[in-house]
Amino acid sequence: MPKPNFPGGGTGTDVDAIHVNVASEIIGIPAKVLPVLADTMVIEDSEALDIKASMTLDDLPTTTLVDTRFLVLEDQIEIYEIFENIAAGTAGTITAPTDSTILLDRYEAAGDALIVKTDANGRPIDEPARTAGGVIITTTLDVAGNYSLSGTPSAYPVSLIYQVSIARVNRANISTDQIVAKFELYEAEEVAITDAGAYYTGSEVEAALQEVGAFISVANPENTFTISPSGSDYTSIQAALDDNAVGGELFIVYPGTYTDTINFTANNQCVKGVGNAPQQIVQQADATVSNFGAFTGCYIERVNMRLTAPTVVRDMIAGSGNLLMQLCRLETSQSAAITGTQSTIVNTSGTVRMYLTTCVYNNTSIAGGGD
């Protein structure tokens, strides 16, 4: 029989001890509810016959250990797009809200900030400021708020639009009169996202973000849908638009080539491509690619739209409502001979506004009858 184990009494047997040479003893130990990275733990090494080893949580590898992905959210930070009007001159310093940080390189090709015209109330509008010669004005901006315009605006005031991050507790430092948009809310939590396919679906991301009260779109986060060649909510942009026609939906399009259309089905719908450049090709050979109908508030961003081989007069984009396009590429290529009026990139009785969008028209045909 084993010797009893008295305090200070020398050797003996302790049935509650963890031993260096006994496997499978850790499972019954109570778990800590909120571990921290500095916690030290004993493990049984599954790659070495379950012998004992020690490690801290900080030693855990950064790669995913299981087939569940994680969205790591930062510490209670909100991001705002705000503006400040410039009444004269081409250089100066803006005054960012107290306790905020100016974010740089947020506008793709435009760089750190945007320079746009203002309306009669001094609010920015979606039209770039230009010089008297019609050249679009750009600007540099640094974290201290120093800016320098590339030219002199043809009219003042102009609005300098930029983005800042600010702790949620300091959000009152930003005047509501300054705000153009609020983009993201990050909370200090780690949220598991169950990933059933090659891409996160809108419902997967939405479920995780809602756990911390976050949102991913200024449009309508409860109606966010993803489109990709496989693994998302939809494989067709048009199918997504047709199925979700309440209004205010956000459609996130992953890179790929889609023989598809973007015919809007409600007001305030937003179709946005993923990535810094338009890697989402949406094309038709001989049909309208996008029709926004009589709907208002339609928006397309970072999409490469192509009308590749019209045989009769086609309008790549049509509608009677209004559409805003940003960071897109629009390309019509016509080789068939068409008499008289030719195909167009945009032909609309409504309003289409484009910002940082490239239009390319390739016509290698000779109109029928030689005219």
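The values are calculated or read from the model by the stated rules, or taken from the named source; none is laboratory data. Computed from a predicted model, the values in this text were never measured in an experiment. We place every Cβ from the backbone using ideal geometry, glycine too, and count neighbours over all the protein chains shown.
Observations on the model:
- Only one of the numbered conditions (1) under 28 Å from the mean Cα position of the chain (by Cα); (2) more than 17 Å from Y80 (Cα to Cα) is violated by A155, and that is (1).
- Only one entry of Q334, Q283 meets the criterion of being farther than 20 Å from A240 by Cβ, buried (at least 19 other Cβ atoms within 10 Å of the Cβ) and in contact (Cβ under 8 Å) with a residue 24 or more places away in the chain, and that entry is Q334.
- A single entry from A309, A318, A294 fulfils the requirement of being surrounded by 19 or more Cβ atoms within 10 Å (Cβ to Cβ) and without any contact (Cβ under 8 Å) to a residue 60 or more places away in the chain: A318.
- Qualifying residues in segment 308-323 (those that are assigned to a strand (DSSP E or B) and modelled with pLDDT under 90) - the one farthest from the chain's Cα centre (by Cα): D315
- Any hit, segment 43-50, residues being among the aliphatic types (A, V, I, L, M), at pLDDT 65 or above, assigned to a strand (DSSP E or B) and surrounded by 11 or more Cβ atoms within 10 Å (Cβ to Cβ): yes
- Residues in segment 235-252 that are at pLDDT below 90, outside any strand (DSSP E or B), of a type outside the set (G, A, S) and within 23 Å of Y355 (Cβ to Cβ): E249 only.
- Complete set of residues in segment 327-371 that are within 18 Å of R306 (Cβ to Cβ), aliphatic (A, V, I, L, M) and modelled with pLDDT under 75: A336, I338
- Here S217 passes the criteria (1) in contact with a Lys or Arg (Cβ under 7 Å, 6 or more places away or on another chain); (2) at pLDDT below 60 except the one numbered (1).
- Residues in segment 253-289 that are touching a helix residue (DSSP H, G or I) at 6+ places or on another chain (Cβ under 8 Å), closer than 16 Å to T226 by Cα, in a loop (DSSP other than H, G, I, E, B) and not β-branched (V, I, T): D260, F264, Q269.
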